[in-house]
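**Student:** My questions all concern the structure below.
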Amino acid sequence: MRILIINTVVLNGGDSAILHATMDLLRRQFGADTTFVVHESQPEIATRFYPELTLRTRAYRVVSHVDKPVGRREKLVTELRLTRFRLACELRARGVNAIPSLLVRATEQRLMDDFADADLVITTGGTYLVEHYDFTSRLFAIETARRLRRPLIFFTQSLGPFTKPETRKRVAQAVNGARLVLLRDERSLGHLRDIGARDDNLRVTADVVFAMADQAAVCAARTRGAFPAKRTNGGAPRVAVSVRAWSHFEHLSADAGMDAYRRAMCAAITLLVERYGTRVTFISTCQGVPGYWADDSRTAHEIADMLPPSIRSAVDVDCDFHRPAELAAKLRGFDLVVTTRMHMAILALGVGTLVFPVAYEFKTRELFDRLGVGAYVHDMEGVDAGAFVKALDSFLHNAEGVRETMFAGVEIERKRAIESAALVSAALGVGANAPRAAQ
C-alpha cells in the first residue's frame, strides 16, 4: 500500500504526533511494507528533525511558487499556474498522458506522480479548515487528489464553522469527494451538515493520537488517588505547563487577550507552588525549532518573568525540541499537566498524567466534554485569573474522582482511535495488506 499524506506541518509537535500516529495505525492495518510520502509545509527544515520521513513540498507551493500571492499581478500569475496544473491533472486522469507532460515542469510532474501513484491520499488530521486561517493551499491539495481520481480520506478533524459563501461551497465539494471524513467531535459534524455536505461518509471518532496511548498507564491512572499522588522517589510534585501565543480572539484585541491569559497562568503557577509545593516546568509541543514561526518557550519566558522571585525560583523553562514519543516519555514523570495545546493534553493523558485544560479553540472543550470533565475547561479568551485559580484548586481537591472519570474516558478514546483504521479499510473496500485501491 502506497499512501500520500497531505497538508502536514511536521514542525508543529501536535501535527507531528498526528502524522506518526496515523502512519503507525495504517501500518498495523495494511502491513509493515506500507510506504508513505508526506507533503509538508517546510520539508527542508523538517527533514533535519525527521530524517526517516519522505518529506516533499506541498502542492500549492510547488505549482504557485508562493505561499500566498500578494498584489494583483502576482495573484493573476498564480491563478494561471494553478489553472494550468489543474488542466494537466484532469487530462492525466482521463488517460491523456502526452499533453500533461508538456504543461508541467519537472517538479510538478513529480508532484503529480505522488498523487497518481498513491493507493490512498490522506489529508492529515488537525484543525486547519477554520476560517481564521487561510486554507487555500490545503483545499488545493485536496482538490488535486480529486482531479486525479485518487481515493481520499480526511483523518480526524475539527473544522468550521463556515460562513463565507465561497468557502462553504469549496469545503462541501472537498468533503463530498472523499471516501471517508473522520471528525473529532459532534460540533464539526454539525458544521458540515450546515453547509449541505453529504452525510453518508462522515464519522465522529477519536483523535488519532489516542491510538498511541499506553493502555496499562491509562488503567493505572484511574486509581492513583488524591493530588499529589505519593511519589516513589520522594521530592516535590512536578507540574508541566504548556502555553502558547494566540491572536485570533473574537471579542478582545490580541494584546488584551494575551495579557489576561498570562496573568491567569501566573496566578495558577503561584497557587501550585505556594499551596501544593510543586516544581513547575514550562514545556510544550511547539518549541526549539529555528525557522518555524511558533515557539511556545517565548511565551513561557514572558510568563515566568512576571512571577515574583519566590515563585520564579521553583519554575524552569524547557526550550528544547522534543519528538512526540520523547515528549510523552517526559510527561510520565509529571503529576499534572496544565496545557493550552490540545495534543500536549492527549500525549499526557496517554501516559496516565492528569491534565487541566485551557481551550483556545472549540476542539479542546469538545474533547474534555467527552472525557466527562468539561466543567473544568476554561477558554483562553477572557480568562479571569481568580476564576481560573479557583477552578484549578477545585480540580486538584477532587483529583481522585476526576482521575476515575477522565481516564475511563481516555480508554474509550483509545479504542475509538484504533477502530478508525477499520473504518478506513471499509471505506476503501479492502482489508489488511491491501492491493491498489480502485479508481
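Please treat every number below as a calculation from the coordinates, not as lab data. Here the structure is a predicted model, which is why all the values come from computation and not from measurement. Cβ coordinates were reconstructed from backbone atoms using ideal geometry, including for glycine residues, and neighbour counts include every protein chain displayed.
**Student:** Which value in deg cm²/dmol, rounded to the nearest 500, describes the helix-derived mean residue ellipticity at 222 nm for the chain, given -39,500 (n - 2.57) per DSSP H run of n ≥ 4 and division by the residue count?
**Tutor:** Value at 222 nm, helices only: -15500 deg cm²/dmol.
**Student:** Using the Kirkwood radius over Cα pairs, work out the Stokes-Einstein diffusion coefficient for the chain at 4 °C and 1.567 mPa s, in µm²/s as a whole number.
**Tutor:** Result for D is 57 µm²/s.
**Student:** So how much slack lies between residue 24 and residue 301, counting 0.36 nm per residue of separation and subtracting their Cα-Cα distance, in nm?
**Tutor:** In short, 96.2 nm is gained.
**Student:** Roughly what would the spin-label model give for residue 83 and residue 400, points 7 Å off Cα along C-beta, in nm?
**Tutor:** 7.1 nm
**Student:** Follow-up. For a Förster distance of 30 Å, can you work out the FRET efficiency between the beta-carbons of residue 33 and residue 199, rounded to the nearest 0.05?
**Tutor:** Efficiency at R0 = 30 Å is approximately 0.30.
**Student:** Next question. Semi-axes of the equivalent ellipsoid for region 141-271, please: Cα gyration tensor eigenvalues, times 5, square-rooted, ordered largest first, whole Å.
**Tutor:** 39, 24, 12
**Student:** If packing is taken as the mean number of other Cβ atoms within 10 Å per residue, what is the order of 197-208, 42-53, 179-190, 338-349, highest first?
**Tutor:** 338-349, 179-190, 197-208, 42-53
**Student:** Return the whole-Å distance between the Cα centroid of region 125-162 and the Cα centroid of region 290-353.
**Tutor:** Each part reduced to its Cα centre gives a spacing of 29 Å.
**Student:** Also, I was wondering about something else. Taking the mean number of other Cβ atoms within 10 Å as a proxy for protection, how do you rank 22-30, 276-284 from highest to lowest?
**Tutor:** 276-284, 22-30
**Student:** Determine, at each q value in 0.16, 0.25 (inverse angstroms), the log₁₀ of I(q)/I(0) that the Debye formula gives when each Cα of region 111-157 is one equal point scatterer.
**Tutor:** The computed values of log10 I(q)/I(0) come out as -0.44, -0.93.
**Student:** I need the semi-axes of the equivalent ellipsoid of region 295-417: take the C-alpha gyration tensor, multiply each eigenvalue by 5, square-root it, list largest first in whole angstrom.
**Tutor:** 23, 19, 14
**Student:** For region 1-133, what is the largest minus smallest coordinate of the Cα atoms on each principal axis, given in angstrom and ordered from greatest to least?
**Tutor:** In descending order, the Cα extents are 43, 37, 28 Å.
**Student:** Here's something else I'd like to know. Just to confirm my numbers, what's the Cα centroid distance between region 92-114 and region 40-60 in Å?
**Tutor:** So the two Cα centres are separated by 22 Å.
**Student:** While we're looking at this one, here's another question. Along its three principal axes, how long is region 212-414 when you only count alpha carbons? Whole Å, largest extent first please.
**Tutor:** Here the Cα extents, ordered largest to smallest, are 42, 35, 35 Å.
**Student:** Test of understanding: what is the full-extension gain from residue 411 to residue 369, defined as 0.36 nm times their sequence separation minus their Cα-Cα distance?
**Tutor:** Gain on extension, residue 411 to residue 369, equals 13.7 nm.
**Student:** Using a 7 Å offset from the Cα along the Cα-to-Cβ direction at both residue 96 and residue 251, what is the distance between the two label points in nm, to one decimal?
**Tutor:** In this crude spin-label approximation the distance works out to 5.5 nm.
**Student:** If you take the charge dipole of the chain about its Cα centre, with +1 on Lys and Arg Cβ and -1 on Asp and Glu Cβ, which of 229, 276, 30 is farthest toward its positive end?
**Tutor:** 30
**Student:** Once you have the Cα-Cα distance between residue 214 and residue 74, take 0.36 nm times their residue separation minus that, and quote the gain in nm to one decimal.
**Tutor:** Stretched out fully, the residue 214 to residue 74 stretch lengthens by 45.4 nm.
**Student:** Based on the alpha-carbon set only, what is the convex hull volume of region 58-153 divided per residue, in Å³?
**Tutor:** So the per-residue hull volume is 94 Å³.
**Student:** Take region 136-181, drop everything but the C-alpha atoms, weight them equally and run the Debye formula without solvent; then report log10 I(q)/I(0) at 0.18 Å⁻¹ to two decimals.
**Tutor:** For region 136-181 at q = 0.18 Å⁻¹, log10 I(q)/I(0) is -0.52.
**Student:** Would you calculate the separation in nanometres between label points at residue 279 and residue 313, each defined as 7 Å from the Cα along the Cα-to-beta-carbon direction?
**Tutor:** It is 1.5 nm.
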